[in-house]
Amino acid sequence: MVSTGSTQRVSTGSITGGFDYAPAPESRAIVDIKPSYGLFVNGEFVDGAGASFKTINPATEEVLAEIAEANAADVDAAVRAARRAYARVWSKMPGKERAKYLFRIARILQERARELAVLESIDNGKPIKEARDVDVPVAAAHFFYYAGWADKLEYALPGNAHSGVRSLGVAAQVIPWNFPLLMLAWKIAPALAAGNTVVLKPAETTPLTALLFAEICQQADLPAGVVNIVTGAGDTGQALVGHADVDKVAFTGSTEVGKAIARTVAGTDKRVTLELGGKAANIVFDDAPLDQAIEGIVSGIFFNQGHVCCAGSRLLVQESVADEVLERLKSRMGTLRVGDPLDKNTDIGAINSAEQLARIRELSAIGEQEVAGERWSPPCELPERGFWFPPTIFTGVTQAHRIAREEIFGPVLSVLTFRTPAEAVEKANNTPYGLSAGVWTEKGSRILWMADQLRAGVVWANTFNKFDPTSPFGGYKESGYGREGGRHGLEGYLKGTE
Amino acid sequence: MARVDVRKTYKLYIGGAFPRSESGHSYEVTDSKGAFMANAALASRKDARDAVVAARKAFGGWAARTAYNRAQILYRIAEVMEDRRPQFVDAVYRCEGGSTARANKVVDEAIDRLVWYAGWADKIGQVTGSANPVAGPFFNLSTPEPTGVVAVLAPQASSLLGLVSVIAPAITTGNVVVVVSSHQRPLPAVTFAEVLATSDVPGGVVNVLTGDAATVGPWLAAHMDVNAIDLTGVAGDAELARNLEIAAADNLKRVRRAPAAETDWSTEPGLEPMTWLLETKTVWHPIGI
Amino acid sequence: MTQTTTTAASDQFADVTASDATLRRFLHGLPGVDQVGAEARAAGLGTRSIKTSAKEFAIDLAIRMVDLTTLEGQDTPGKVRALASKAMRPDPADPTCPQTAAVCVYPDLVATAKEVLGASADSTTGAQVNVAAVATAFPSGRASLAIKLADTRDAVAAGADEIDMVIDRGAFLSGRYLQVFEEIVAVREACERPDGSSAHLKVIFETGELQTYDNVRRASWLAMMAGGHFIKTSTGKVQPAATLPVTLVMLEAVRDFRAATGQMVGVKPAGGIRTTKDAIKYLVMVNEVAGPDWLDPDWFRFGASTLLNDLLMQRTKMLTGRYSGPDYFTLD
């Protein structure tokens, strides 16, 4: 828009060109990626008995390393190591000593924060800014938080302060690729604090920070076998959760796999927690703090390329402000910087894998066919190599459309409208999922009413996508069961002695 | 000439009404010595379906009641039970056998258990919820909420105390229930339903199906509008329990597994019968001016 | 031009500014500002990494945006002459170094500053270093309207190109919005010169006294509707002075005002901005919130004194590749 007022000014001269941010790449010299990695079993890196696979940088498609694919025998060896460590060392160690190992790990995560952040960005494709400011510090905070629980467990289960609590045994943990290190921390920190030992499988596209974490366990002199890392894909995960000597299964990932795991453990004594998919509504009322709501919408769906189970992928905006919100949203999206994940000014990085990109493209194409409204992305140049998808919104979406029902797990926002609070609640809850929701309004009583009505495990009111080690996280309905974080997060790793 | 007594017809309890089984089937119920007591309605899959619909309809209102109100209603159930003690003692004595002293004790415990759970309604949130000290300017509160429609396969042996012990924790926490009674000992469940109908419990909050958990259970386990299933009633049948758990995975129901053998219902239950039916909701809000 | 655009804006808001009640309804109907969210957004923008060519661009732009300020009881003509000289040639050793936008002084020193700056056209940009005068019983604004207007007219008569007025925070905080509005309109009229041209009016809110971002947003609209050319955070005499989130809210306001009226208003954070790093954060915010149109001394200023020397040191570092020291820059 041309300024209409500038001619009235006493000119102080103007030679303004654009303020183009020069490239500001974080150096990757700090990370030392080995050509190949084995499995971390019983405190040591060992060769797998099975095949291997490659992990690539999704921003460039460059092969980063060759990774061992653990087969059933490898998984068995890891579970045996974990069982041995549980029986001989970890379950016998006083809580206050276990705590010190966890504090140590937290400190090393902080000390090696930059290395971890760069490695995460390279292997995952996420912007270094987010790896640096969210993934790594929050991961360290989880270890710090749960470390303090290790010698206070009798206070962790209500009603058991006097009868006592005990750990479960060996925990099988399978984590996704969207927050590789952070999900590892969410799993390992409470498990270890509670006195369990673990075998963890990172996602096949993002194994590197888990393997660096294995090295950190060595640095911390964590007793051998307390943490074991087995890399691989679905078969490895199945072998792990189906292993007869596992006492606990913790999984974060898709609802489909979560259901398969629930079937696998049926009829056993294994305890299970599942953190699965979501299709969160981010509800904006006409009296919302609009500028902050726009930020919440943007971070809700574009944070981490939308690879977030609690992403605010359905924007429900009150009809009376829908046009204004959309206009502001589009203008804000125009400032998002898509590109090199290692550039410190990048807001949106690469899609994690070719498979995920194909899924996002497929659902977006379906959206384009079925939705009467508009498909819109800001102009942005995407790199030629690597997996990229521009931030995208669909307007005129209704609950009947697939893009409003299925989890896309990408930077794609469906925009729907509502007229009354009751209608907003009805639409928000009209999904098999129930992980999270957002509410934006300046009216306090309405916030509390909405929070009460929404069937979701996390409700962000006038904020979105906030995480904290003390704050329980997890879903209703098909978003899974059990909670991670906070005191509640320990419940999945403890039982009362009775 | 002696008066001919009026016999009772034992029916299902669905949505606050007492219908016969939609299928028209009933089955013979015998006492502990094998003598005929009555015919009970044999619940079908369609009865289960209707019960789930009734429960779902009742859920919103029941969950929205104040905890204080739910507590009062649970206490009211205990009051009405106490009022009909002789009937329950008789039913337990005839169904479960043993002595009348034992039957009296079981009824005492059942009533006391209701009173115990009545007291939990407005305390469970305080015990299991938390104010979370997050590292930022945010108010952050975790509170428990009911999970929704709960299918309960009630214990087979303990026809009253066991039944109360699986229903009460669900409804005190705001859940609604479709319960399949003990197959062989269904009559106390029907009498209990009659108490519920006269105790200010809204219709649909508890729905009682008499019949066989092995035939109705799979329909409930696979039902996509049921949020949780309590497999207590199939204790000892590992194969059935496993199959029900597999079916329950279709919509990720919360599952309370069947124990190897039926529980001793006389011990204090602890929190677990309630906590497995609670969803923790965490609400964040910025703190600012 | 001045008259036409002002009239246009006034017409658009005639209903709004009809009474205290209508004005209150309008200002309180603006979208609220969530403090935590606004501060998080400001902090997020503060993490932009501005390097090499972008940094060179930003430093020169920031120098051109400085209102080099001295507002002390101990100010003298000598001090102001030195300051004005520095504004014209911030780095005597480097003729490519741009001039600042203005010097900012008390009204009684306007003439002195004007003497020095009279022919200060920048050799490369042709820009002139302006003289800005604080007026209206700066910094508290606690005087009658007549005195405030006289103060303003006096500064304009002495040659001030720009007037930095303060709003009546007492009136604002007690809800007498119309009084604040009318005072700004009156001062704006007092900025007119006999030849029909007008000094530019910057309206200072003293955001440290307004306390809430909601108030900052309301004050911004009030000042813009009243015809202020610039909205300015602070006098520099109250802590906190300029902050990133306060400036964020004001940049959002000018952005929204342009969307509503087509008219641009400038923004000036003042006080507390001392380092190049800080200044660059502000420029990033201008760029991404208001938009690149505001990246110009016509639309964005820094009210500062010590900032300039840090910009110069960083500029020298960029050019020479080594760190400089305070001894190499003038202290005026």
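Here are the numbers for the structure shown:
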| quantity | calculated |
| --- | --- |
| Cβ neighbours within 10 Å from other chains - mean over B:136-148 | 4 |
| Cβ-derived FRET efficiency at R0 56 Å, residue C:150 paired with residue B:112, nearest 0.05 | 0.05 |
| Neighbourhood charge, 13 Å Cβ-Cβ cut-off, centred on residue A:76 and excluding it, Lys, Arg +1 and Asp, Glu -1 | +1 |
| Ranked A:254, B:159, criterion: other C-beta atoms within 10 Å, fewest first | A:254, B:159 |
| Gained length - residue B:272 relative to residue B:30, 0.36 nm times residue gap less alpha-carbon distance | 83.7 nm |
| Per-residue [θ]222 nm for the protein assembly as shown (sum of -39500 (n - 2.57) over DSSP H runs n ≥ 4, rounded to 500) | -12500 deg cm²/dmol |
| Other protein chain Cβ atoms within 10 Å, averaged over every residue that makes up A:261-270 | 5 |
| Exposed-site-free run, longest, chain B (rule: trypsin sites (Lys or Arg not before Pro); DSSP loop; at most 10 other C-beta within 10 Å) | B:34-289 |
| Helix axis angle, A:180-193 relative to chain A longest principal axis, alpha carbon, degrees | 40 degrees |
| Bridge type composition, the range A:36-275 - antiparallel percent by DSSP, nearest 5 | 35 percent |
| At most 13 other Cβ within 10 Å, DSSP loop - trypsin sites (Lys or Arg not before Pro), the range A:74-105 | A:92 |
| Separation in nanometres of the label points that stand 7 Å from Cα toward Cβ, at residue B:84 and residue A:366 | 5.1 nm |
| Gaussian network model of chain C, springs between alpha carbon atoms under 10 Å - residue of C:165, C:65, C:264 with greatest fluctuation | C:264 |
| Beta bridge orientation in chain B: antiparallel %, DSSP, nearest 5 | 55 percent |
| 19 Å reach of a label modelled at residue A:166, 7 Å along Cα-to-Cβ, counting backbone N of the range A:90-118 | A:90-98 |
| Highest average packing first - C:282-292, A:108-118, Cβ atoms within 10 Å | C:282-292, A:108-118 |
| Chymotrypsin sites (Phe, Trp or Tyr not before Pro) lying in DSSP loop within the range A:195-292, provided at most 16 other Cβ fall within 10 Å | none |
| Label zone at residue A:402, where the point sits 7 Å out along the Cα-to-Cβ direction: the range A:267-307 residues whose backbone N lies under 18 Å | A:278-279 |
| Among beta bridges that DSSP assigns inside the protein assembly as shown, antiparallel share in %, nearest 5 | 30 percent |
| Chain A - Rg (one decimal) and Dmax (whole number), Cα, Å | 23.4, 82 |
| Normalised alpha carbon radius of gyration of the protein assembly as shown [divisor 2.2 N^0.38 Å] | 1.11 |
| Loop sites in the range C:229-332: trypsin sites (Lys or Arg not before Pro), DSSP, at most 12 other Cβ within 10 Å | C:322 |
| Unsatisfied cross-links (Cα-Cα over 32 Å) in the set C:114/C:232; A:54/A:477; A:443/C:51 | A:54/A:477; A:443/C:51 |
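Every number here is computed from the coordinates shown, using simple stated rules; none is lab data. Everything quoted here is computed from the prediction, not taken from an experiment. Glycine also receives a Cβ, built like all others from the backbone with ideal geometry; neighbour counts cover every protein chain displayed.
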